[in-house]
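One structure below.
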Amino acid sequence: MGIIAWILIGLLAGMIAKALMPGRDPGGVIITMLIGIAGGLLGGWLGKVVFGVDSIDGFFDLSTWVAAIIGSVILLALYRLFTGADRPHRHA
């Protein structure tokens, strides 16, 4: 797949991950899109390493989308963990 396809899959996977994990994230839409692109790459790599399958066969393959969405959800959760997003703010 070409770089344009990866960016498109990543953008859509980031939006799906955000829908699966609603909440306020610092950084907004741009960060979510970047997390989606990186999550797509992470998901493809994890599918290859952990399960020994080529999860990045093509743009319309279900395994490509599942891997990208799972990778995006993982990265979004890690992002929230390290940035402290979705924590209630205390006011003194």
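Please treat every number below as a calculation from the coordinates, not as lab data. Keep in mind it's a predicted model, so treat the numbers as computed, not measured. Note that each Cβ is placed from the backbone with ideal geometry, even for glycine, and that neighbours are counted across all protein chains shown.
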Per-residue ³J(HN,Hα) for segment 18-23, Karplus 6.51 cos²θ - 1.76 cosθ + 1.60, θ = phi - 60°, Hz, x for Gly and Pro: 5, 5, 6, 10, x, x
Distance-filtered residues of segment 28-51 - backbone nitrogen under 18 Å, label point 7 angstrom along residue 21 Cα→Cβ: 28-47
